[in-house]
Amino acid sequence: MDKHIPERTCIVCREKKDKNDLFRIGQVSEKKYIFDEKGKVQSRGVYVCKTHECIQRLSKNKKINLSMEDLVKMVNLLKKKSKNYLNVLSAMKNSEHLTFGINMVLEDLDHIHFIIIAEDISEKNDKKLIAKAKEKNIPYVHFGKKDELGDIFKKDEINVIAIKSKKVAKGLLD
Ligand SMILES: [Zn+2]
């Protein structure tokens, strides 16, 4: 059967696409937007492509101000199988939920809920971070190379990135 799928326009790249290839964002009040995951929110809505590029560009949009949790949720939906933390982190790099660098992370341990350690960190620093993470019961993963983590923040190399929001950390762990 030939089922007609309505088309919508991505608010970021302005491309027209099948509704299924777009995420819906509901405008629940003049300034409040939420990710309408199930497409059931009764409100005006806008659409964004299910691509990292458009979601990342949307995260910088001043008018459509989505919460970090919603942005992370969208990115996570793109990569359900093999989670790419780099994309998630890029999408939220301008938020107050992230901190990076060994000293900053160690100083802020009491507010940290998830740690991403570069795969090529030195053994000494790796041990130090893991010992602290275990002591404080903070989950951690090894992901990406130092230069890849650095790219997110336009630095040459970053050894470690930490998440300070419980909700975002949970989104990454799920
Ligand atoms: Zn788009």
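State which stretch of the chain is the longest one without any exposed GluC sites (Glu not before Pro), exposure meaning a DSSP loop state and at most 11 other Cβ atoms within 10 Å. Walk me through the numbers before you get to the answer.
On the way: sites that count: Glu30, Glu96.
Excluding the exposed sites themselves, the longest stretch runs over 97-174.
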| task | Tally up the carbon and sulfur contribution to the accessible surface of segment 98-173 as a whole percent, 1.4 Å probe, everything protein left in place. | result | 47
| request: Tell me what the chain gives for mean residue ellipticity at 222 nm when only DSSP H runs of n ≥ 4 count, each as -39,500 (n - 2.57), the sum divided by the residue total, rounded to 500 deg cm²/dmol. | output: -10000 deg cm²/dmol
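Over segment 7-66, with the other protein chains present, what is the accessible area per residue in square angstrom, probe 1.4 angstrom?
Roughly 66 Å² per residue, with all protein chains present.
Over segment 3-119, what is the percentage of antiparallel beta bridges among all DSSP beta bridges, to the nearest 5?
Details: 12 of 13 bridges.
Percentage antiparallel, nearest 5: 90.
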| query | Counting only protein heavy atoms, what percent of the accessible surface of segment 7-66 is carbon or sulfur at a 1.4 Å probe? | reply | 42
| aspartates and glutamates near Lys17 by alpha-carbon distance under 16 Å, same-chain residues fewer than 8 away left out - which ones? | Glu7, Glu53
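For the chain, which span is the longest to avoid every loop-located (per DSSP) member of trypsin sites (Lys or Arg not before Pro) having at most 11 other Cβ atoms inside 10 Å?
Numbers: sites that count: Lys3, Arg14, Lys31, Lys38, Lys40, Lys60, Lys62, Lys63, Lys80, Lys81, Lys154.
The answer is 82-153.
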| field | Convex hull per residue volume in Å³, alpha carbons only, for segment 7-66 | value | 72
| How much accessible area per residue does segment 67-140 have, in Å², with a 1.4 Å probe? | 54
| Among the chymotrypsin sites (Phe, Trp or Tyr not before Pro) within segment 18-78, which fall in a DSSP loop and have no more than 16 other Cβ atoms within 10 Å of their own Cβ? | none
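The values are calculated or read from the model by the stated rules, or taken from the named source; none is laboratory data. Just so we're clear, the structure is a prediction, and the values are computed from it rather than from any experiment. When we count neighbours, we look across all protein chains shown, and the Cβ atoms used for this are built from the backbone with ideal geometry, even at glycine. Calculation scope for accessible area: heavy atoms of the full protein, side chains included, ligands and nucleic acids excluded. Shrake-Rupley method; radii C 1.70, N 1.55, O 1.52, S 1.80 Å.
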